[in-house]
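Presented below is the structure to which this report refers.
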Amino acid sequence: MIVFQNDDVLNICEKLLDIKKPDFHSMNKVISHMLKSVLLPTTITQHYTTTNYLLQEIKRNLLLDPTYKLLNIKSVPQVSQKSKSFTCDTWDGITKRLSQMVLSNSNESLVDWNIKPGSDRANRSFAQQVILRGKGVSLGGIESLFYSGKTYTYADGHYLDGIEKTATCIQYCGDVVTLGF
């Protein structure tokens, strides 16, 4: 089960996509973009080039304990349709931003850059899958940006939704859902 928190998706719509009054359609587009990034096949892994069907990889790499089946997705960049042609992200900037989003368990507009690896507030992941898609993609050094758990990396040279560079992390961790009763 992949968990999406409504407040986070609403925040992405309002702050990053500049949608004044987000509706379910807008929120579902954000969720579908993240799911596409995780579920579409990739062609490059760390050691060889082949087609990977990531749903099988998620099952093998991330669902380590059958009693805990909650996964969380973080994706960058989240840009509005009218801003796509003005983005000039670098792979270094995107992957560092994604790494900090995972570490602080936040979305792109609420990244807490003060949280450091090993701190009490740091999100601890058992395992994560990082997927890079777009122009000039390379997997070199990605694992060193993710501080806890095993990191599996995949890449594909195709653009996703017309965005030149995207990075997504799907993770298996204990901090996915906080229930308040």
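The values are calculated or read from the model by the stated rules, or taken from the named source; none is laboratory data. Everything numeric in this text was worked out from a predicted model, so none of it was measured. For neighbour counting, all protein chains shown are included, and Cβ atoms are generated from backbone atoms with ideal geometry for every residue, glycine included.
A few points about this structure:
- Single residue of the range 117-133 satisfying the filter (farther than 20 Å from LEU40 by Cβ and in contact with a helix residue (DSSP H, G or I) (Cβ under 8 Å, 6 or more places away or on another chain)) that is surrounded by the most Cβ atoms within 10 Å (Cβ to Cβ): SER125
- Taken over the range 107-128, residues that are in contact with a strand residue (DSSP E or B) (Cβ under 8 Å, 6 or more places away or on another chain) and hydroxyl-bearing (Ser, Thr, Tyr) amount to 1.
- Hits in the range 114-164 (condition: part of a loop (DSSP other than H, G, I, E, B) and among the hydrophobic types (A, V, I, L, M, F, W, C)): ILE115, ALA122, VAL137, LEU139, ILE142, PHE146
- Test: residue in the range 61-68 that is at pLDDT below 85, in a loop (DSSP other than H, G, I, E, B) and under 15 Å from the mean Cα position of the chain (by Cα): yes
- Qualifying residue in the range 106-113 (condition: part of a helix (DSSP H, G or I), of a type in the set (D, E, K, R), modelled with pLDDT under 85 and surrounded by 14 or more Cβ atoms within 10 Å (Cβ to Cβ)): yes
- All positions within the range 82-105 that are in a helix (DSSP H, G or I), within 16 Å of ILE12 (Cα to Cα), out of contact with any Leu (no Cβ under 9 Å at 6 or more places or on another chain) and modelled with pLDDT under 85: LYS82, LYS84
- Filter result (assigned to a helix (DSSP H, G or I), aliphatic (A, V, I, L, M) and either under 19 Å from THR87 (Cβ atoms) or in contact with a Leu (Cβ under 8 Å, 6 or more places away or on another chain) (or both)) within the range 10-27: ILE12, LEU16, MET27
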